[in-house]
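Report on the structure given below.
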Amino acid sequence: MKTGDERKKALIARYQALKQTIEARGARLVAVGKYAPDEAIECLLEAGCLDFGESRPQALRDRAQRFANARWHQIGPVQRNKAKYIARYASLWHSLEDLTVAEEVVKRLQGRRLKALLQVNLSGDPKRHGVAWDAIEKVLEQAEALEGIEIVGLMGIAPLGEDPRPHFERLAREKERLFGAGGELSLGMSGDWQLALDVGATLVRIGRALFGDWDARHSKEER
Ligand SMILES: *Cc1c(COP(=O)(O)O)cnc(C)c1O
């Protein structure tokens, strides 16, 4: 059993190694601590990490209140009744996929401006989240008409059980076409962040590869 100090040291070492590699490629690391305890978030904050992602809007709210000097990224699906948490606490909303939810968020911004990314459904499987490829331009146009939200790029998640490369490349081309070199591309998780950097990701969202044995999934799986 590792002591608390050893766990912290190992977490900081993983953070620094990931950060260095990711920033050398011109991208930013978003630390996804959705399965990690507050203690691990605190440890990363002390190590200088500023960008954190949460999947559930309530968790985003709780942690944004607790750790108010970090930037909190909403990366998971949002239902209308949780729009207030996004409006109030998200620094960047990665997972905009539904205009009715976006309208609800806008109503609650109270003068704040919010940056968001359109989440694209890479696999095209209707059971998965995100805007369909052929609806991107239309949703983008409608979302851009909303007062207070600024769409600054695209986000995607690798389809299950498929080679992510062609999907990642397609999303990167779409991002270039619609937003140019300055647009954000949120792509890549623990298993595919290097590939995401190869295609031009500007934000990579990493959970278990960063948090390691702090991640509640760790001991449940053979890795
Ligand atoms: C959980 C999650 C991540 C991080 O996944 P890991 O495999 O733990 O790196 C990234 N993006 C989204 C949208 C997630 O829900």
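Restricted to the range 182-202, and to residues there that are under 24 Å from Lys8 (Cα atoms) and in contact with a strand residue (DSSP E or B) (Cβ under 7 Å, 6 or more places away or on another chain), the residue that is surrounded by the most Cβ atoms within 10 Å (Cβ to Cβ) is Trp193. Of the residues making up the range 69-92, at least one is among the β-branched types (Val, Ile, Thr), at pLDDT 95 or above and open to solvent by 10 Å² or more (accessible area, probe 1.4 Å). For the range 203-223, the set of residues classified as more than 9 Å from the ligand (Cβ to nearest atom), among the small types (Gly, Ala, Ser) and open to solvent by 30 Å² or more (accessible area, probe 1.4 Å) consists of Ala216, Ser219, listed by residue number. Applying the criterion of being within 20 Å of Ser123 (Cβ to Cβ) and touching a Phe, Trp or Tyr at 6+ places or on another chain (Cβ under 8 Å) to the residues of the range 147-169, the residue that is surrounded by the most Cβ atoms within 10 Å (Cβ to Cβ) is Gly156. In summary, Val78 fulfils each of the numbered conditions (1) in contact (Cβ under 8 Å) with a residue 40 or more places away in the chain; (2) within 13 Å of the ligand (Cβ to nearest atom) with the single exception of condition (1). Pairs linking a residue in the range 50-67 that is more than 17 Å from Arg205 (Cβ to Cβ) to a residue that is part of a strand (DSSP E or B) and of a type in the set (A, V, I, L, M, F, W, C), with Cβ atoms under 8 Å and 6 or more positions apart or on different chains, are Phe67/Phe52. Any residue in the range 137-161 that is free of Cβ contacts under 8 Å to residues at least 12 places away in the same chain sitting within a Cβ distance under 9 Å of a residue that is more than 16 Å from the ligand (Cβ to nearest atom)? List the pairs, counting only those 6 or more apart or interchain. Cβ pairs passing all conditions: Glu144/Glu150; Glu144/Ile151. What about Gly26, is it closer than 20 Å to Gly156 by Cα and surrounded by 13 or more Cβ atoms within 10 Å (Cβ to Cβ)? So Gly26 does not fit the description; no.
The values are calculated or read from the model by the stated rules, or taken from the named source; none is laboratory data. Since we're looking at a predicted model, the values are computed, not measured. Positions of Cβ are backbone-derived with ideal geometry, glycine not excepted, and every protein chain shown enters the neighbour counts. With ligands, DNA and RNA removed, areas are computed over all heavy atoms of the protein, side chains included. Shrake-Rupley method; radii C 1.70, N 1.55, O 1.52, S 1.80 Å.
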